[in-house]
């Protein structure tokens, strides 16, 4: 049975999860923004089939901006072409996550070194706030919250690096990981506690403006994540 854009069994009679757009807006950009937000929030789950006619109907646009919006997200790696079913939200397993982590490691290490050199008191205070919110959702066993606050932690470090080109590359990698990691609730052995320990150490290195220590801690953090996926094998 075909999945709908809002996760239902089919498109017919299912309330839409996307809001109509005003005609005067830059339609392709707005289509991509709404679809991206729905994918990252989990409203459009991994593997969800994406129909150009249905997207156009729900957003109140023609098929051209709907199609172009999908193409933009395909370039970002959030959706993929299916030979027999058009487009779908990415739905890879551990092998795909490991490939992304290989790329992320090099970029994230550059980012955290620059952040250690440049991060000011206000940014460190925000990082502390993110850590506390992350800690709360981990204690509550909230996997979706964990994925969101983990992304916020790495996002702030990315911004603090002051390198816009590096940040753009990391945004795409992090968004893809966020979608794929949303499936961790079905993987044995997942725990946010180790992630929090790593994040705490990274914050300490950033507060000390110690780029070498920050690099070592970030590398260990990403390698720990990689080890988890190697151990857990293939996600369902």
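Residue-level check: of (1) more than 21 Å from residue 180 (Cβ to Cβ); (2) without any contact (Cβ under 8 Å) to a residue 60 or more places away in the chain; (3) in the same structural domain as residue 221 (by TED's automatic domain parsing), residue 147 misses just (1).
For region 85-102, state whether one or more residues are free of Cβ contacts under 8 Å to residues at least 24 places away in the same chain and outside the structural domain of residue 221 (by TED's automatic domain parsing). Looking for residues that are free of Cβ contacts under 8 Å to residues at least 24 places away in the same chain and outside the structural domain of residue 221 (by TED's automatic domain parsing), one finds none in region 85-102, hence no. Scoring residue 82 on the criteria (1) more than 20 Å from the chain's Cα centre (by Cα); (2) within 29 Å of residue 210 (Cβ to Cβ) leaves a single failure, condition (2).
Only residues that are on the phi > 0 side of the Ramachandran plot and at pLDDT below 95: list them for region 181-210, please. Correct list: 189 only.
Of the candidates 106, 77, the single residue that is closer than 28 Å to residue 217 by Cα and in the same structural domain as residue 217 (by TED's automatic domain parsing) is 106. Restricting 101, 73 to residues that are at pLDDT 95 or above, buried (at least 17 other Cβ atoms within 10 Å of the Cβ) and within 18 Å of the chain's Cα centre (by Cα) narrows the list to 73.
The values are calculated or read from the model by the stated rules, or taken from the named source; none is laboratory data. Only a predicted model underlies this, so the values are computations on that prediction, with no experimental measurement involved. Cβ coordinates were reconstructed from backbone atoms using ideal geometry, including for glycine residues, and neighbour counts include every protein chain displayed.
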